[in-house]
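Heads up, the thing below is written out as structure tokens.
Readers should treat all values here as calculations from the given coordinates under stated rules, not as data from a laboratory. The structure displayed is predicted, hence computed values, not measured ones. Cβ sites come from the backbone with ideal geometry, for glycine too, and all protein chains shown count toward neighbours.
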Amino acid sequence: METATKKKNKIDSATVSGSKALIMALIEEGVNTIFGYPGGAIMPVYDALFDYQDQIHHILTRHEQGAIHAAQGFARAKGIPGVVFATSGPGATNLITGLADAMIDSTPLVCITGQVASPLLGTDAFQETDVVGISMPVTKWNHQVTRAEEIPDALAKSFYVAKSGRPGPVLLDITKDAQIESCTYQYTPCKEVRSYHPIPSLDDEMVNQAAELINNAKRPYVLFGQGVILSHAEEELKEFIEKTGIPAAWTILGLSALSSDHPLNVGMLGMHGNYGPNLLSDEADVVIAIGMRFDDRVTGKVSEYIKQAKVIHLEIDPSEIDKIIKADVPVLGDAKTSLRALIEKVKPNQHPKWLQRFKDCYELEYEKVIKEELYPSTDLISMGEVIRLISEKTDGNSIVVTDVGQHQMVACRYARFLKSKSNITSGGLGTMGFCLPAAIGAKFGAPDRLVIAVIGDGGFQMTLQELGTIFQTKVDVKILILNNQYLGMVRQWQQLFFDKRYSATEMINPDFQTIARGYGIESIKVEERDNLDKAVDDFLNHKGSYLLEVIVGKENNVFPMVPSGAPVAEIRLE
Amino acid sequence: MEKDFTLIVFSENHVGVLQRITTIFTRRGINIESITVSQSELRDVHRYNIVVTETEERIQKVVKQIEKQIEVLRAWYYPKEKILYQEIALYKMSVDAVKNGVSLEDIVKENNARILTVESDFIVIEKTGHKEETQALYEQLQPHGLLEFVRSGRVALMNSQKQFKDYLKAPELGKRISEEAVREYRYK
């Protein structure tokens, strides 16, 4: 009798519901933070979560888009996959923008969506959507689970795929019956998938060829992207450029991988990047692209981009090689490993004259653009001076999360960073509304760091419901609204390329101060320069979240600028 | 220059892989001329033959994107001359054609086709070959009361002794075509 009871207990302890198996598996993957929003088809999972509140902190956002952007911010700040829960149908479709954003910016996410019970699949049941079908082009991998016993392995594979190789978002759609039915729980982390080869093996021959090109180069030039951050190769990048004396410029996703004050950091690439990094790409004889994918915002007119240079491309994803720019020497592999191998093979060198060219270009840009942006001569406050003040007062130690548009370009251009993983922005997809939820997620991912959300008045209103998440969780996010009462970047294009026909770009805004008050967030609005410095101090030193709204020049433009589709050499300073 | 290419893809036999592969073409506005999917020589591995007319440069990029899919084991692309391939076509003819004095028997013989079945009111002819051949027979039969016509997608074998199985051994799995495409196609 006693034996029988014991035996029964043993079976009970290993037999759990699919939902409980899911939560237990998440804990085994080290998950302690989940962003989500409940609903009918995922209720059993939320019910299972109720027993694990001491181990998993679930953050209830105000919209599923907020949940997934928060998970992205979390993943980017912490360097591990962000986890999202959402229900079926509209809950799941609200994740699509975030999935697309995470896909193009290589952010590891594991999204769990509830689905109608499996007998109802394909019947147009309440809140049924073909989520696997819809999310296929915007996920690295996705899968539908219809039986409880599949859950642990499917979750293990999800984490493995999301974080290995070039990271990306994974979606796991679990039918309600699979969540409810019982299964024998056993968890084994996934270590390989036979059809998936996340890190290509390093080819010594390519490393040798690359080293030879670098050793003989007169005007070598490093372009680096987020691959450096994703492969934890910040130290290797620094060592590589210091040994070879090569100037290095960054894409906006690569920003913060190399300290802003490093003498070889020559600045930002692309449409609103720095003057020298764009102009001189036409003079480099060897370009070393590291963990970047030659986005069209970086290259301008592709057919004229760095065509004089030999191109070495360090890249983990074989499909990026030759996708936009032909690589003369493709070095496939993890950036950290590839750089380590290259460091051994390259000779110590310096290129003072070449580096001086970048400095000269910077001087010119400083006189024509930067000085006026950082220290305006007019009464109107500029976005640049607000960013400068914040950088000065935080010594470049904060995490700066940006939305999309003029303020984003200004923040990327002028914010100073001393630590990696400090710049979080929507790069490839350009998702307005990304910033506020991403900043919330970033703070949960890096609770010891100061997180500043820099947002335009347009983007703020796309996801401002997440102020409710701040209110409920009391998470400490400093919100800076740079308000120019326009969709500024679109307006800038209308001014420059559409004869100042300001079609649908002027914003008649509500009172953001009143909105903040409703959410219990202290705030201040600054319209005059005299009040700015103190307001920034209050903003940074406030305990808890704070909203600082700064009214900036209504028709200020971001320069320099490479006109869309033009060669980067046609970069305009005014 | 656009050419006829056959993509041969080996994948896991999982729900959704077909859609993952086809969206790669859809997104780039590339029309798939034919696609066949079947079990390969390995029971648990599925094999796709996809025919497209495209430039080699674009096809190389597409193949890399296909290879990138988690559940795809390998993908290759070949011009016509590097593969052995066939398509099958069925032609349903009204018996009126025979009544009207057309010698279907002669047409069948000339075209190396065969008569699959003869029913009271129709005859079905089967022809295996390349598209040009099945199309030529179509042109011949069309004026004589062709009731129905269907042509299969291309089935193709690689023109070498390589076995897919060889690539499944762990170390070989690391040498996938996208890496090879980078190394071999451009540097040999």
### Query
For the range A:376-564, what is Rg from Cα atoms divided by 2.2 N^0.38 Å, rounded to two decimals?
0.97
### Summary
Taking chain A and counting helices only, DSSP H stretches of n ≥ 4 at -39,500 (n - 2.57) each over all residues, the nearest-500 ellipticity at 222 nm comes to -10500 deg cm²/dmol
#### Entry: Label-point separation in nm, A:T378 to A:E574, each point 7 Å along Cα→Cβ
1.3
### Query
Can you list the residues, at least 5 places off or on another chain, whose amide H is less than 5 Å from the amide H of A:A117, using H built in the peptide plane?
A:K176, A:D177
### Task
Find, among the chymotrypsin sites (Phe, Trp or Tyr not before Pro) in the range A:485-570, those assigned to loop by DSSP (not H, G, I, E, B) with at most 15 other beta-carbon atoms within 10 angstrom.
A:F498, A:Y502
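Taking each residue of A:305-318 in turn, how many C-beta atoms of other protein chains fall within 10 Å of its C-beta, and what is the average?
Whole-number average of other-chain Cβ neighbours for A:305-318 is 1.
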### Task
Report, as an integer, the average count of C-beta atoms from other chains found within 10 Å of each Cβ along B:22-28.
1
### Query
In straight Cα distance, which lysines are under 25 Å from A:K443, not counting same-chain residues fewer than 8 positions off?
A:K78, A:K163, A:K393, A:K419, A:K421, A:K474, A:K478, A:K525, A:K534, A:K543
### Task
Please report how many Lys pairs in the range B:79-130 have alpha carbons closer than 21 angstrom, counting only residues at least 8 apart along the chain or sitting on separate chains.
5
### Message
Quick check: the angle from helix A:64-78's long axis to the longest principal axis of chain A, C-alpha only, nearest 10 degrees?
### Response
70
### Query
How far is helix B:131-141 tilted off the main Cα axis of chain B, in degrees rounded to 10, range 0 to 90?
20
### Task
Mind grabbing the base-10 log of I(q)/I(0) for the protein assembly as shown at q = 0.05, 0.06, 0.09 Å⁻¹? Debye formula, identical points on the C-alpha positions, no solvent, two decimal places.
-0.31, -0.44, -0.91
### Message
Based on the alpha carbons, how large is the Rg to Rh ratio for the range B:85-151 when Rh follows Kirkwood?
### Response
0.93
### Summary
Residues whose modelled amide H sits under 5 Å from the amide H of A:G254, counting only those 5 or more places away in sequence or on another chain, are A:Q226
### Nonlocal Lys pairs with alpha-carbon distance under 17 Å, the range A:204-357 (8 or more apart, or different chains)
19
### Task
Give the range of the longest stretch in chain A that excludes all trypsin sites (Lys or Arg not before Pro) found in loop regions by DSSP and having at most 13 other beta-carbon atoms within 10 Å.
A:1-190
### Message
Rounding to the nearest 10 and keeping the result within 0 to 90°, find how far the Cα-based axis of helix A:435-445 lies from the longest principal axis of chain A.
### Response
70
### Query
What fraction, in whole percent, of alpha-carbon pairs in the range A:117-238 exceed 23 Å separation?
53
### Query
Out of the DSSP beta bridges found with both residues in chain A, what percent are antiparallel (nearest 5)?
10
### Task
Can you figure out the FRET efficiency of A:E522 with A:Y366, using R₀ = 41 Å and their beta-carbon distance, to the nearest 0.05?
0.70
### Cα→Cβ-extended label distance, 7 Å offset, between B:T55 and B:Q142, nm
3.2
### Query
So how much slack lies between B:Q161 and B:D44, counting 0.36 nm per residue of separation and subtracting their Cα-Cα distance, in nm?
40.0 nm
### Query
Mind listing which trypsin sites (Lys or Arg not before Pro) in the range B:1-94 are in a DSSP loop and have 10 or fewer other Cβ atoms within 10 Å?
B:R43
#### Entry: Partners for A:K176 among lysines (Cα-Cα distance below 24 Å; same-chain residues under 8 apart left out)
A:K20, A:K140, A:K157
### Query
Taking each residue of A:198-210 in turn, how many C-beta atoms of other protein chains fall within 10 Å of its C-beta, and what is the average?
2
#### Entry: Residue-averaged [θ]222 nm for chain B, counting only DSSP H segments that reach four residues, each worth -39500 (n - 2.57)
-7500 deg cm²/dmol
